[in-house]
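Only one structure is covered here, and it is reproduced in the block below.
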Amino acid sequence: MAQVDFNERQITLKVVYYGPPRSGKTTNLKALHTRVDDLNRGRLMLLDTRDDRTLFFDLLPIFFRASGLSFRLKVYTVPGQPMHEATRRVVLSGADGVAFVADSSAAQLEANRQSWQSLTRHLGTLGLERIPVVVQYNKRDLPDKVELSTADRFATVDPPLEATASEGKGVLPTFFTLLDRVWDSIDADMQLGQRFGITRAGFREAVSGHVGAGPRDIV
Ligand SMILES: Nc1nc2c(ncn2[C@@H]2O[C@H](COP(=O)(O)OP(=O)(O)OP(=O)(O)O)[C@@H](O)[C@H]2O)c(=O)[nH]1
Ligand SMILES: [Mg+2]
């Protein structure tokens, strides 16, 4: 659950990028990092092995002020390799929202499905089954990509988003869509808008003031 300090007027939100092995979770985070202005981002922590597989998690902290409030966004990725199941659960705990990064390759359908199942299992045991989850199909540049119109939406209502994170495409739309959903769910629980006088649009504007939204990323 979001940490809200009413005295300090400080809101801390945690979002997690989850998905099968090598679907591009860390690549999303790296692309995001390059789009956050220097003053508002903390150090990008990549905890990986020598061959770039995430070992524990990656973390990108983003800090900014808006409407007299101090925001701390913590963006995590989980390690995708099967052996790190316990680590994924730890990283998920306390999350306010999840971006599920599916692999667009037709060969990875089963890996996507298994990862989705493990996500829902963890969310259930952590009591987080109501947090928002957005689905991103990454690697849209692959020749064997699945059609988005017929691709598994998993249990989500929204149509999946597409991305080619290695080219920085689709990374910001996924991030912003996730934050919109997170804001709505926390606002519904904690009446942030009413208590602090900030709307979702105000929050979104503040985020995009620090996380660059060039035209290239909007499409
Ligand atoms: N073709 C293609 N390759 C991509 C894309 N995004 C990431 N990759 C590549 O996929 C590989 C895995 O990317 P990572 O970001 O490390 O994947 P991950 O999901 O963090 O992997 P784990 O941490 O091991 O679960 C790397 O070689 C990336 O360059 C993409 O959009 N298209
Ligand atoms: Mg990784």
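Output the residue which, of all residues in region 59-80 that are within 16 Å of ligand 1 (Cβ to nearest atom) and not in a strand (DSSP E or B), is modelled with the highest pLDDT.
78
All but one of (1) at pLDDT 95 or above; (2) under 18 Å from residue 96 (Cβ atoms) hold for residue 198; state the number of the condition that does not hold.
(1)
Taking region 1-25 on its own, how many of its residues are surrounded by fewer than 16 Cβ atoms within 10 Å (Cβ to Cβ) and either polar (S, T, N, Q) or within 16 Å of ligand 2 (Cβ to nearest atom) (or both)?
The number of residues fulfilling the criteria is 3.
Output the residues belonging to region 147-169 that are near ligand 1 (Cβ under 10 Å from one of its atoms) and of a type in the set (Asp, Glu).
Hits for region 147-169 are 162, 167.
Which condition number in (1) of a type outside the set (D, E, K, R); (2) under 19 Å from residue 120 (Cα atoms); (3) within 16 Å of ligand 2 (Cβ to nearest atom) is the one that residue 60 fails?
(2)
Residues checked against (1) closer than 30 Å to residue 197 by Cβ; (2) modelled with pLDDT under 95; (3) of a type in the set (A, V, I, L, M):
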| site | (1), (2), (3) |
| --- | --- |
| 16 | yes, no, yes |
| 19 | no, no, no |
| 22 | no, no, no |
| 25 | no, no, no |
| 35 | yes, yes, no |
| 46 | no, yes, yes |
| 49 | no, yes, no |
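Using beta carbons and a limit of 7 Å, which pairs, at least six apart or on different chains, have the first residue in region 188-211 and surrounded by fewer than 19 Cβ atoms within 10 Å (Cβ to Cβ) and the second one of a type in the set (Val, Ile, Thr)?
These pairs meet every condition: 190/4; 193/199.
Suppose we keep only residues that are polar (S, T, N, Q) and touching a helix residue (DSSP H, G or I) at 6+ places or on another chain (Cβ under 8 Å) within region 36-58. Which one would you say is nearest to ligand 1 (Cβ to nearest atom)?
Checked region 36-58; the qualifying residue nearest to ligand 1 (Cβ to nearest atom) is 54.
Given the criterion modelled with pLDDT under 95, away from ligand 2 (no atom under 15 Å from the Cβ) and among the small types (Gly, Ala, Ser), identify the matching residue among 149, 118.
None of the others qualify; the one that does is 149.
Inside region 132-219, counting only helices (runs of 4 or more DSSP H) that do not spill past its ends, which hold 1 or more residues that are among the β-branched types (Val, Ile, Thr)?
Answer list for region 132-219: 171-190, 200-210, 215-218.
In region 1-58, which strands (runs of 3 or more DSSP E) lie fully inside it and hold 2 or more residues that are among the hydroxyl-bearing types (Ser, Thr, Tyr)?
Per the criteria, 10-18.
The values are calculated or read from the model by the stated rules, or taken from the named source; none is laboratory data. Keep in mind that what you see is a predicted model, and the values were worked out from it rather than measured. Backbone-built Cβ (ideal geometry, glycine too); neighbour counts: all protein chains shown.
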